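Peer 1: Submitted below is the structure of interest, expressed as structure tokens.
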Amino acid sequence: MAVTKERVKEDVWIPTSCGQCYCMCGIRVRRQDGIVTQVEGNPDAPTGRGSVCAKGLAASHLLYDPYRVNYPLKRTNPEKGLGVDPKWERITWEEALDTIVTKLKEVQAKDPRSVYFQATTTQASEIRFGVIGFMKAFGTPNYWVSGGGLHCGNGAHFMNGIMHAAWSIIPDFANCNMPLNFGCSKGHGAGHVAVMNATQAADARVRGSKTVTFDPFQSAQASKAHEWVPIRVGTDGALALGLVNSLLNEHKIYDEEYLAYKTNAPYLIRKSDGRYKRDKATNKPLVWDKVDKRPKVHDDPSVTRVEYEDEAHEVAIFGEYEVDGEMCPTGLELLREHVKKYTPEYVEKITWVPAATVSRIAKELGETAEIGSTVTVQTSKGPKKVPRRPIATHFFRGSQGHVNSGWTCLSIDMVNHIVGAADTVGGALGLGAAVCSGYEGTGKPYQIPYPCPDGLMICGAWVYDHLP
Ligand code: SF4
């Protein structure tokens, strides 16, 4: 029935969040006489900032779909199988809840751990985490999140957790000049904070940002890229190692300061077992101080830079050094040697990406990274100078949906780390759970990643019980 102006008694706009996917963009919904008549983005909300995607815009179609099942059903046919009618019968909510609660009470009395919850990624985040809260209160640790139509980010999340202390990584589209998509549709209306990223990526194109997409088929993101590079399915990891090789060994482009002071690239490695060479007294990993010409523990103040502009002795990122009568190469030296076999020609054989393209894109990426450039950003503690590295490699379902998924993600992300484009302006940013300043009145706690005794980053908070 059409709602005409004369007959409308109620006409309100309600701020809420879209539940059509896990991004939960901020929206405003218009309700006229109890009927949703309009949905639009809420410009006051940090997610979406006034924009919605086509799916969010169509939310009322789902709400008023005459075939939508919005009441409980009970299976009455005990026989199961393909083609067997389950003989669903409509029941009341009271009967449904009584049935479930009776069963749960029985199980809880016996052993609450025998309850298993299966969640999916396709529901809005608030529901998903509500399930976990309920399980914790119930007393079972047994749950799993999967689905989403695909297996979602199986290799991506733990690697992002290890490398960025975050659930996901995404280019800082607002400041990035060269995002490289490896089988990944972030920035094209998919993934986390989808609408905001899509609008930022669209604005970036206008100011000249160049997108390169590696994808076996001409996907939406491939068709919108400035350069689509077709790649053989499941070989993204080899391509990424080829880019690392080209940067380190062919073009010799790398961010020495970042690698020396913000990563474990300079840690000395025992050749005998491939583990860190450790200080006998403290058991801490050692690095080589090129000024004092001797090994020092990784967190010795003379070889540490906490802030970007702090002074420190020069730490060796390449070479090998004698410690306790044993020659120990740096971690980056071993990596540089390891990737030498990923020549552009070798990579072409595996990936079908022409050798000249591998070499050219590595060079272009390295030059676009503007290693050494800085920018001043405003922080809660005042202005702060930070590196500016406007390139980002990132990945998702397409590149990580194969064997060696985690290693593929690590290899792709390593490109960011070689040029210092990790978690800084213009680069690949950790997204979700990385840092929270806390919110007064909501109880949301302040949290920030912290170093383990070996100096590597540990997540301050994580979505699930098990840390990556
Ligand atoms: S991305 Fe689209 S469907 Fe998902 S929450 Fe935002 S508006 Fe809704």
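Peer 1: May I ask you to evaluate 6.51 cos²θ - 1.76 cosθ + 1.60, the Karplus curve with θ = phi - 60°, for each residue of the stretch 308-315 and list the ³J(HN,Hα) values in order in whole Hz, giving x for glycine and proline?
Peer 2: Along the stretch 308-315, the couplings run 4, 9, 4, 7, 7, 4, 6, 9 Hz.
Peer 1: How do 108-114, 77-83, 311-317 rank on mean C-beta neighbours within 10 Å, highest first?
Peer 2: 311-317, 108-114, 77-83
Peer 1: Moving on to the next point. Taking only the alpha-carbon atoms of the stretch 5-63, what semi-axes of the equivalent ellipsoid follow from 5 times the gyration tensor eigenvalues under a square root, in whole Å, largest first?
Peer 2: Working from the Cα gyration tensor, I get semi-axes of 22, 13, 8 Å.
Peer 1: Let me ask something else. Can you give the % of DSSP beta bridges in the chain that are antiparallel, to the nearest 5?
Peer 2: Of those bridges, close to 70 percent are antiparallel.
Peer 1: Å³ per residue of the Cα convex hull, for the chain?
Peer 2: Output value, Cα hull per residue: 228 Å³.
Peer 1: If I histogram all Cα-Cα distances within the stretch 266-329 using bins 5 Å wide from 0, what percent of pairs lands in each bin?
Peer 2: 4, 20, 29, 25, 13, 6, 2, 0
Peer 1: May I ask you to list the chymotrypsin sites (Phe, Trp or Tyr not before Pro) in the stretch 1-80 that are in a DSSP loop and have at most 12 other Cβ atoms within 10 Å of their Cβ?
Peer 2: Y64, Y67
Peer 1: Whenever you get a sec, compute what percent of the accessible area on the chain sits on carbon and sulfur atoms (1.4 Å probe).
Peer 2: Here carbon and sulfur together make up 56 percent of the probe-accessible area.
Peer 1: Related question: Dipole of the chain, Cα-centred, from +1 at each Lys and Arg C-beta and -1 at each Asp and Glu C-beta, to the nearest 20 debye?
Peer 2: 920
Peer 1: Given the DSSP H assignment, sum -39500 (n - 2.57) over each helix run of at least 4 residues in the chain and divide by its residue total; what's the result at 222 nm in deg cm²/dmol, nearest 500?
Peer 2: Mean residue ellipticity, 222 nm, calculated: -8000 deg cm²/dmol.
Peer 1: A further question follows. Return the sequence-ordered ³J(HN,Hα) values of the stretch 182-192 in whole Hz as given by the Karplus equation 6.51 cos²θ - 1.76 cosθ + 1.60 applied to θ = phi - 60°, using x for Gly and Pro.
Peer 2: 9, x, 8, 10, 4, x, 10, x, 9, x, 5
Peer 1: Same structure, new question: Which Cα, out of M24, V358, G183, lies furthest along the positive dipole direction of the chain (beta carbon charges, K/R +1, D/E -1)?
Peer 2: Value: M24.
Peer 1: Follow-up. Using amide H atoms built in the peptide plane, which far-off residues or other-chain residues are under 5 Å from V425 H to H?
Peer 2: Those qualifying (amide H under 5 Å, at least 5 residues apart or on another chain) are R389.
Peer 1: Viscosity 1.002 mPa s, temperature 20 °C: Stokes-Einstein D of the stretch 234-385 from its Kirkwood Cα radius, in µm² per second?
Peer 2: 124
Peer 1: In whole Hz, with x marking every Gly and Pro, tabulate ³J(HN,Hα) for the stretch 75-88 from phi via Karplus 6.51 cos²θ - 1.76 cosθ + 1.60, θ = phi - 60°.
Peer 2: Ordered by residue, 3J(HN,Hα) equals 6, 10, 9, x, 6, 10, x, 4, x, 8, 5, x, 6, 5 Hz.
Peer 1: Among V306, A265, G139, pick out the residue whose Cα is farthest towards the positive end of the charge dipole of the chain, where Lys and Arg carry +1 and Asp and Glu carry -1 on C-beta, about the Cα centre.
Peer 2: G139
Peer 1: Where a Cα-Cα gap under 21 Å defines reach, which lysines qualify for K444, not counting those fewer than 8 residues away within the same chain?
Peer 2: Once the sequence-local lysines are set aside, what remains near K444 is K136, K381.
Peer 1: Students often get this wrong, so check it: of K186/K210; K9/K55; K341/K363, which have C-alpha atoms separated by over 25 Å?
Peer 2: K9/K55
Peer 1: Here's another thing I want to ask about it. Expressed as a rounded percentage, what relative contact order does the chain have, with Cα pairs under 8 Å and six or more residues apart?
Peer 2: So the answer I get is 16 percent.
Peer 1: If you take the alpha carbon radius of gyration of the stretch 149-257 and divide it by 2.2 N^0.38 Å, what ratio comes out, to two decimals?
Peer 2: Here the answer is 1.12, to two decimals.
Peer 1: Working with all protein chains in place, sort M414, M327 by solvent-accessible area computed with a 1.4 Å probe, largest first.
Peer 2: M327, M414
Peer 1: Give the lysines reachable from K74 as a straight Cα distance under 24 Å; neighbours fewer than 8 places away on the same chain don't count.
Peer 2: Answer for K74, where 24 Å is the Cα cut-off: K87, K103, K105, listed by chain and number.
Peer 1: Let me ask something else. Taking only the alpha carbons of the stretch 73-146, what extent do you get along each of the three principal axes, in Å, biggest first?
Peer 2: 35, 31, 24
Peer 1: Still on this structure, please answer the following. In the chain, if the dipole is taken from +1 on Lys/Arg beta carbons and -1 on Asp/Glu beta carbons about the Cα centre, which of A422, T92, N404 is farthest to the positive end?
Peer 2: Ranked along the dipole, the leading option is T92.
Peer 1: If amide H atoms are built 1.01 Å from N in the plane of the peptide, which residues on other chains or at least 5 residues away come under 5 Å of the amide H of Y143?
Peer 2: The list, which skips near neighbours in sequence, is F117.
Peer 1: For a quick check: with amide H placed at 1.01 Å from N, whose amide H comes under 5 Å from W88's, ignoring anything fewer than 5 positions away on the same chain?
Peer 2: Result for W88 returns T76.
The values are calculated or read from the model by the stated rules, or taken from the named source; none is laboratory data. On a predicted model such as this, the values are computed, not experimentally measured, just so you know. Here the Cβ is made from the backbone with ideal geometry for all residues, glycine too, and neighbour counts use every protein chain on show. Protein only, heavy atoms only, side chains kept; ligands, DNA and RNA dropped before computing areas. Shrake-Rupley method; radii C 1.70, N 1.55, O 1.52, S 1.80 Å.
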